[in-house]
Amino acid sequence: MSATEDRISEILDAGADPTPGAAEPLLAAQLLAVHGLLREREARASLPAQIERILLRTSRARPLFARFAGAAAVLLAAVTVVAVMLSEKALPSAEAMLALTERATAEAVERHYAVRRSAAGEPESPENHLFTWGSRWAIEYHGARGVIWFGGDGRENWAVGPLGRVFRPSDPGAFKAIQGEAGETLSFASLSTALARMKEGHTITVVGREPLPGRRGRFIHMRGVRKDPALEVSQADVWADEDTGVLYRIEMTIAAAGKPEARLVVDFVDASPKGEAFYTPEGHVK
(Lines give C-alpha, C1' and ligand atoms only; values in the text may rest on other atoms or scores of the structure.)
Protein backbone atom coordinates (compact mmCIF):
# COMPACT_ATOMS: atom_id res chain seq x y z
CA MET A 1 0.00 0.00 0.00
CA SER A 2 1.07 3.59 -0.58
CA ALA A 3 1.70 6.11 2.21
CA THR A 4 -1.61 7.77 1.36
CA GLU A 5 -3.48 4.49 1.72
CA ASP A 6 -1.69 3.78 5.03
CA ARG A 7 -2.77 7.14 6.44
CA ILE A 8 -6.37 6.65 5.34
CA SER A 9 -6.35 3.19 6.93
CA GLU A 10 -5.22 4.74 10.27
CA ILE A 11 -8.25 7.01 10.18
CA LEU A 12 -10.46 4.01 9.43
CA ASP A 13 -8.99 2.08 12.38
CA ALA A 14 -9.56 5.01 14.70
CA GLY A 15 -13.18 5.24 13.64
CA ALA A 16 -14.02 1.55 13.32
CA ASP A 17 -17.27 1.99 15.26
CA PRO A 18 -18.45 5.44 14.24
CA THR A 19 -21.40 7.23 15.71
CA PRO A 20 -24.01 8.56 13.30
CA GLY A 21 -22.50 12.04 13.58
CA ALA A 22 -18.89 10.98 13.01
CA ALA A 23 -18.24 11.97 9.39
CA GLU A 24 -14.43 11.63 9.38
CA PRO A 25 -14.28 7.81 9.00
CA LEU A 26 -16.80 7.85 6.14
CA LEU A 27 -14.85 10.65 4.48
CA ALA A 28 -11.69 8.58 4.83
CA ALA A 29 -13.41 5.62 3.19
CA GLN A 30 -14.48 7.82 0.31
CA LEU A 31 -10.93 9.13 -0.02
CA LEU A 32 -9.66 5.57 -0.18
CA ALA A 33 -12.00 4.86 -3.10
CA VAL A 34 -10.98 8.03 -4.93
CA HIS A 35 -7.31 7.25 -4.34
CA GLY A 36 -7.86 3.82 -5.88
CA LEU A 37 -9.44 5.43 -8.92
CA LEU A 38 -6.49 7.74 -9.37
CA ARG A 39 -4.04 4.84 -9.01
CA GLU A 40 -5.85 3.13 -11.91
CA ARG A 41 -5.65 6.20 -14.14
CA GLU A 42 -2.52 4.97 -15.91
CA ALA A 43 -3.33 1.28 -15.73
CA ARG A 44 -3.66 -0.66 -18.99
CA ALA A 45 -5.63 -3.57 -17.55
CA SER A 46 -9.15 -4.43 -18.65
CA LEU A 47 -12.05 -2.51 -17.13
CA PRO A 48 -13.26 -5.46 -14.96
CA ALA A 49 -9.72 -5.88 -13.59
CA GLN A 50 -9.51 -2.17 -12.77
CA ILE A 51 -12.83 -2.24 -10.90
CA GLU A 52 -11.79 -5.37 -8.99
CA ARG A 53 -8.53 -3.77 -7.86
CA ILE A 54 -10.28 -0.56 -6.78
CA LEU A 55 -12.79 -2.52 -4.71
CA LEU A 56 -9.94 -4.55 -3.18
CA ARG A 57 -8.27 -1.32 -2.09
CA THR A 58 -11.52 -0.23 -0.44
CA SER A 59 -12.03 -3.54 1.41
CA ARG A 60 -11.00 -1.89 4.71
CA ALA A 61 -13.90 0.50 4.29
CA ARG A 62 -16.61 -2.05 3.52
CA PRO A 63 -17.81 -2.58 7.14
CA LEU A 64 -18.00 1.18 7.51
CA PHE A 65 -19.92 1.67 4.27
CA ALA A 66 -22.33 -1.05 5.34
CA ARG A 67 -23.44 1.16 8.25
CA PHE A 68 -24.66 3.82 5.85
CA ALA A 69 -27.73 2.92 3.83
CA GLY A 70 -27.02 2.69 0.11
CA ALA A 71 -23.38 3.78 0.45
CA ALA A 72 -21.97 0.50 -0.86
CA ALA A 73 -24.12 0.66 -3.98
CA VAL A 74 -23.13 4.27 -4.52
CA LEU A 75 -19.45 3.33 -4.18
CA LEU A 76 -19.73 0.53 -6.73
CA ALA A 77 -21.59 2.75 -9.18
CA ALA A 78 -19.06 5.55 -8.78
CA VAL A 79 -16.13 3.16 -9.23
CA THR A 80 -17.68 1.72 -12.38
CA VAL A 81 -18.53 5.08 -13.97
CA VAL A 82 -15.17 6.69 -13.23
CA ALA A 83 -13.26 3.59 -14.32
CA VAL A 84 -15.11 3.68 -17.65
CA MET A 85 -14.10 7.32 -18.01
CA LEU A 86 -10.48 6.51 -17.23
CA SER A 87 -10.40 3.63 -19.70
CA GLU A 88 -11.79 5.72 -22.61
CA LYS A 89 -9.24 5.91 -25.41
CA ALA A 90 -7.93 9.29 -26.43
CA LEU A 91 -9.27 10.52 -29.76
CA PRO A 92 -6.93 9.99 -32.72
CA SER A 93 -5.56 13.03 -34.51
CA ALA A 94 -7.23 14.10 -37.76
CA GLU A 95 -4.05 13.26 -39.69
CA ALA A 96 -3.79 9.75 -38.24
CA MET A 97 -7.48 8.95 -38.71
CA LEU A 98 -7.57 10.27 -42.26
CA ALA A 99 -4.46 8.23 -43.14
CA LEU A 100 -6.12 5.08 -41.73
CA THR A 101 -9.27 5.83 -43.74
CA GLU A 102 -7.26 6.32 -46.94
CA ARG A 103 -5.54 2.95 -46.45
CA ALA A 104 -8.86 1.20 -45.82
CA THR A 105 -10.40 2.80 -48.93
CA ALA A 106 -7.48 1.59 -51.06
CA GLU A 107 -7.89 -2.03 -49.88
CA ALA A 108 -8.93 -4.62 -52.46
CA VAL A 109 -12.24 -5.16 -50.66
CA GLU A 110 -15.58 -4.72 -52.41
CA ARG A 111 -17.98 -2.34 -50.69
CA HIS A 112 -21.45 -1.09 -51.58
CA TYR A 113 -22.74 2.40 -50.73
CA ALA A 114 -26.09 4.15 -51.19
CA VAL A 115 -25.78 7.69 -52.59
CA ARG A 116 -28.48 10.33 -52.12
CA ARG A 117 -28.54 13.91 -53.36
CA SER A 118 -30.89 16.68 -52.28
CA ALA A 119 -31.11 20.39 -53.06
CA ALA A 120 -33.45 23.16 -52.04
CA GLY A 121 -36.23 23.75 -54.55
CA GLU A 122 -35.54 20.52 -56.46
CA PRO A 123 -37.52 17.26 -56.43
CA GLU A 124 -35.98 14.42 -54.43
CA SER A 125 -33.48 12.47 -56.51
CA PRO A 126 -33.62 8.66 -56.81
CA GLU A 127 -31.16 6.71 -54.67
CA ASN A 128 -28.06 5.73 -56.60
CA HIS A 129 -25.64 2.93 -55.76
CA LEU A 130 -21.85 3.08 -55.61
CA PHE A 131 -19.64 -0.01 -55.64
CA THR A 132 -15.93 0.19 -54.85
CA TRP A 133 -13.05 -2.28 -55.04
CA GLY A 134 -9.82 -0.54 -54.16
CA SER A 135 -9.13 1.96 -56.95
CA ARG A 136 -11.98 0.53 -59.03
CA TRP A 137 -15.48 1.89 -58.77
CA ALA A 138 -18.84 1.71 -60.52
CA ILE A 139 -21.96 3.75 -59.84
CA GLU A 140 -25.52 3.08 -60.94
CA TYR A 141 -26.94 6.52 -61.68
CA HIS A 142 -30.65 7.06 -62.29
CA GLY A 143 -30.82 9.85 -64.85
CA ALA A 144 -33.70 11.51 -66.70
CA ARG A 145 -33.30 9.10 -69.66
CA GLY A 146 -32.77 5.95 -67.61
CA VAL A 147 -29.98 4.19 -65.76
CA ILE A 148 -26.42 5.17 -66.65
CA TRP A 149 -23.43 3.24 -65.34
CA PHE A 150 -20.23 5.15 -64.66
CA GLY A 151 -16.96 3.62 -63.56
CA GLY A 152 -13.20 3.85 -63.46
CA ASP A 153 -10.04 2.15 -62.29
CA GLY A 154 -7.80 5.09 -61.35
CA ARG A 155 -6.43 5.33 -64.89
CA GLU A 156 -9.45 5.75 -67.15
CA ASN A 157 -13.14 6.40 -66.60
CA TRP A 158 -16.02 5.05 -68.67
CA ALA A 159 -19.80 5.20 -68.95
CA VAL A 160 -22.55 2.96 -70.31
CA GLY A 161 -25.69 4.73 -71.47
CA PRO A 162 -29.31 3.58 -71.03
CA LEU A 163 -29.22 1.88 -74.46
CA GLY A 164 -25.93 0.07 -73.81
CA ARG A 165 -23.58 2.41 -75.67
CA VAL A 166 -20.10 2.62 -74.12
CA PHE A 167 -18.61 6.11 -73.70
CA ARG A 168 -14.89 6.68 -73.16
CA PRO A 169 -12.63 9.75 -72.85
CA SER A 170 -11.35 9.01 -76.36
CA ASP A 171 -14.63 10.57 -77.55
CA PRO A 172 -14.37 13.70 -75.37
CA GLY A 173 -17.50 15.47 -76.60
CA ALA A 174 -19.90 12.59 -76.02
CA PHE A 175 -18.15 11.52 -72.83
CA LYS A 176 -18.34 15.00 -71.31
CA ALA A 177 -22.01 15.29 -72.26
CA ILE A 178 -23.03 12.07 -70.52
CA GLN A 179 -20.91 12.91 -67.49
CA GLY A 180 -22.75 16.21 -67.22
CA GLU A 181 -26.02 14.39 -66.57
CA ALA A 182 -24.70 13.10 -63.23
CA GLY A 183 -23.30 16.44 -62.11
CA GLU A 184 -21.54 16.57 -58.74
CA THR A 185 -22.68 13.03 -57.87
CA LEU A 186 -20.10 11.67 -60.27
CA SER A 187 -17.36 14.04 -59.06
CA PHE A 188 -17.09 12.12 -55.79
CA ALA A 189 -17.82 8.56 -56.95
CA SER A 190 -14.17 7.66 -56.41
CA LEU A 191 -13.89 7.72 -52.62
CA SER A 192 -10.10 7.81 -52.81
CA THR A 193 -10.33 10.96 -54.92
CA ALA A 194 -12.89 12.48 -52.56
CA LEU A 195 -10.61 11.92 -49.56
CA ALA A 196 -7.60 13.32 -51.41
CA ARG A 197 -9.55 16.46 -52.32
CA MET A 198 -10.73 16.81 -48.75
CA LYS A 199 -7.18 16.55 -47.42
CA GLU A 200 -5.79 19.05 -49.89
CA GLY A 201 -8.49 21.70 -49.87
CA HIS A 202 -10.04 21.54 -46.42
CA THR A 203 -9.07 22.15 -42.81
CA ILE A 204 -9.82 18.83 -41.10
CA THR A 205 -10.66 18.35 -37.44
CA VAL A 206 -11.91 15.42 -35.35
CA VAL A 207 -15.40 16.23 -34.06
CA GLY A 208 -15.54 13.24 -31.74
CA ARG A 209 -16.38 9.60 -31.25
CA GLU A 210 -20.01 9.09 -32.27
CA PRO A 211 -22.47 6.22 -32.79
CA LEU A 212 -24.20 5.69 -36.11
CA PRO A 213 -27.85 4.59 -36.03
CA GLY A 214 -28.18 0.89 -36.73
CA ARG A 215 -24.41 0.33 -36.70
CA ARG A 216 -22.24 -1.52 -34.22
CA GLY A 217 -18.75 -0.29 -33.43
CA ARG A 218 -16.96 2.95 -32.65
CA PHE A 219 -16.91 5.67 -35.27
CA ILE A 220 -14.75 8.76 -35.55
CA HIS A 221 -16.45 11.83 -36.98
CA MET A 222 -14.13 14.09 -38.98
CA ARG A 223 -15.10 17.42 -40.49
CA GLY A 224 -13.42 19.26 -43.35
CA VAL A 225 -14.13 22.96 -43.95
CA ARG A 226 -12.92 24.43 -47.23
CA LYS A 227 -9.93 26.75 -47.18
CA ASP A 228 -10.82 28.46 -50.45
CA PRO A 229 -14.39 29.81 -50.90
CA ALA A 230 -14.12 28.89 -54.59
CA LEU A 231 -14.04 25.16 -53.82
CA GLU A 232 -17.24 23.30 -54.69
CA VAL A 233 -17.52 21.38 -51.41
CA SER A 234 -17.93 23.88 -48.56
CA GLN A 235 -18.01 21.21 -45.85
CA ALA A 236 -17.44 17.46 -45.74
CA ASP A 237 -18.29 15.23 -42.76
CA VAL A 238 -16.88 11.72 -42.62
CA TRP A 239 -17.63 8.87 -40.21
CA ALA A 240 -15.11 6.02 -40.26
CA ASP A 241 -14.61 2.94 -38.11
CA GLU A 242 -12.08 3.85 -35.45
CA ASP A 243 -10.26 0.52 -35.61
CA THR A 244 -10.34 -0.27 -39.34
CA GLY A 245 -10.74 3.13 -40.99
CA VAL A 246 -13.57 1.83 -43.21
CA LEU A 247 -15.85 4.63 -44.40
CA TYR A 248 -19.42 4.27 -43.17
CA ARG A 249 -20.90 7.68 -43.94
CA ILE A 250 -19.99 10.84 -45.85
CA GLU A 251 -22.03 14.05 -45.94
CA MET A 252 -20.96 16.78 -48.35
CA THR A 253 -22.39 20.27 -48.61
CA ILE A 254 -21.91 21.51 -52.17
CA ALA A 255 -22.09 25.27 -52.64
CA ALA A 256 -21.08 26.07 -56.20
CA ALA A 257 -21.44 29.62 -57.46
CA GLY A 258 -24.73 30.27 -59.22
CA LYS A 259 -26.30 26.98 -58.10
CA PRO A 260 -28.59 26.10 -55.18
CA GLU A 261 -26.81 24.49 -52.25
CA ALA A 262 -26.90 20.70 -52.53
CA ARG A 263 -26.24 17.90 -50.06
CA LEU A 264 -24.70 14.58 -51.02
CA VAL A 265 -24.88 11.65 -48.56
CA VAL A 266 -22.99 8.37 -49.02
CA ASP A 267 -23.91 5.49 -46.67
CA PHE A 268 -22.26 2.07 -46.38
CA VAL A 269 -24.64 -0.79 -47.26
CA ASP A 270 -22.64 -4.02 -47.30
CA ALA A 271 -19.50 -5.74 -48.58
CA SER A 272 -21.06 -8.20 -51.02
CA PRO A 273 -18.68 -9.18 -53.89
CA LYS A 274 -19.62 -8.39 -57.48
CA GLY A 275 -16.66 -9.79 -59.37
CA GLU A 276 -14.08 -8.26 -61.69
CA ALA A 277 -16.34 -7.89 -64.75
CA PHE A 278 -18.71 -5.69 -62.76
CA TYR A 279 -16.05 -2.96 -62.71
CA THR A 280 -15.71 -2.84 -66.51
CA PRO A 281 -18.07 -1.24 -69.06
CA GLU A 282 -18.61 -4.65 -70.67
CA GLY A 283 -20.21 -5.82 -67.44
CA HIS A 284 -23.08 -3.36 -67.95
CA VAL A 285 -23.70 -3.58 -71.68
CA LYS A 286 -27.16 -4.99 -72.31
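The values are calculated or read from the model by the stated rules, or taken from the named source; none is laboratory data. As the structure is a computational prediction, the values presented were derived from the model and not from experiment. Virtual Cβ from ideal backbone geometry, glycine too; neighbours counted across all protein chains shown.
Can you find, within region 143-181, the residue that is farthest from Phe131 (Cα to Cα) among those that are among the β-branched types (Val, Ile, Thr) and outside any helix (DSSP H, G or I)? Show your work before the answer.
Within region 143-181, the subset among the β-branched types (Val, Ile, Thr) is 147-148, 160, 166, 178.
Cutting the leftovers down to outside any helix (DSSP H, G or I) gives us 147-148, 160, 166.
Values: Val147: 15, Ile148: 14, Val160: 15, Val166: 19 Å.
Across region 143-181, the extreme among qualifying residues is Val166.
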Please tell me if Ala240 is among the small types (Gly, Ala, Ser), modelled with pLDDT under 90 and outside any helix (DSSP H, G or I).
no
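Residues in region 150-159 that are surrounded by 16 or more Cβ atoms within 10 Å (Cβ to Cβ) and farther than 23 Å from Ala99 by Cα: how many? Step through it out loud before you land on a result.
Quick first cut of region 150-159, residues surrounded by 16 or more Cβ atoms within 10 Å (Cβ to Cβ) only: 150-153, 157-159.
Right, trim to farther than 23 Å from Ala99 by Cα and you get 150-151, 157-159.
Counting residues in region 150-159 that are surrounded by 16 or more Cβ atoms within 10 Å (Cβ to Cβ) and farther than 23 Å from Ala99 by Cα gives 5.
Within region 190-198, is there a residue that is assigned to a loop (DSSP other than H, G, I, E, B), out of contact with any Cys (no Cβ under 7 Å at 6 or more places or on another chain), surrounded by fewer than 20 Cβ atoms within 10 Å (Cβ to Cβ) and of a type in the set (Gly, Ala, Ser)?
Of region 190-198, the ones assigned to a loop (DSSP other than H, G, I, E, B) are 190.
Then keep just the ones that are out of contact with any Cys (no Cβ under 7 Å at 6 or more places or on another chain); that gives 190.
Then drop every residue that is not surrounded by fewer than 20 Cβ atoms within 10 Å (Cβ to Cβ), which leaves none.
Checking region 190-198: not a single residue is assigned to a loop (DSSP other than H, G, I, E, B), out of contact with any Cys (no Cβ under 7 Å at 6 or more places or on another chain), surrounded by fewer than 20 Cβ atoms within 10 Å (Cβ to Cβ) and of a type in the set (Gly, Ala, Ser).
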Give me the residue from region 128-149 that is small (Gly, Ala, Ser) and under 29 Å from the mean Cα position of the chain (by Cα) and, out of that set, surrounded by the most Cβ atoms within 10 Å (Cβ to Cβ).
Ala138
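Return a yes/no flag: does region 160-181 have any residue that is among the basic types (Lys, Arg), in the same structural domain as Asp243 (by TED's automatic domain parsing) and crowded, with 20+ Cβ neighbours inside 10 Å.
As a first pass, look at region 160-181 and keep what is among the basic types (Lys, Arg): 165, 168, 176.
After this cut, where a residue has to be in the same structural domain as Asp243 (by TED's automatic domain parsing) as well, the list is 165, 168, 176.
Those left that are additionally crowded, with 20+ Cβ neighbours inside 10 Å: none.
No, there is no match, as no residue in region 160-181 is among the basic types (Lys, Arg), in the same structural domain as Asp243 (by TED's automatic domain parsing) and crowded, with 20+ Cβ neighbours inside 10 Å.
Scan region 209-237 for residues that are in a strand (DSSP E or B) and either of a type outside the set (Val, Ile, Thr) or outside the structural domain of Gly183 (by TED's automatic domain parsing) (or both) and jot them down.
Taking region 209-237 and keeping what is in a strand (DSSP E or B), we get 209-210, 219-226, 233-237.
Scanning region 209-237 gives Arg209, Glu210, Phe219, His221, Met222, Arg223, Gly224, Arg226, Ser234, Gln235, Ala236, Asp237.
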So Thr80, is it in contact with a strand residue (DSSP E or B) (Cβ under 9 Å, 6 or more places away or on another chain), outside any strand (DSSP E or B) and either of a type in the set (S, T, N, Q) or at pLDDT 95 or above (or both):
no
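Among Ala255, Ala159, which is the only one that is under 24 Å from Glu127 (Cβ atoms) and touching a Pro at 6+ places or on another chain (Cβ under 8 Å)?
Working: Ala255 fails: touching a Pro at 6+ places or on another chain (Cβ under 8 Å).
Result of the check over Ala255, Ala159: Ala159.
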Selection count, region 87-108, where residues are surrounded by 14 or more Cβ atoms within 10 Å (Cβ to Cβ) and assigned to a loop (DSSP other than H, G, I, E, B)
3
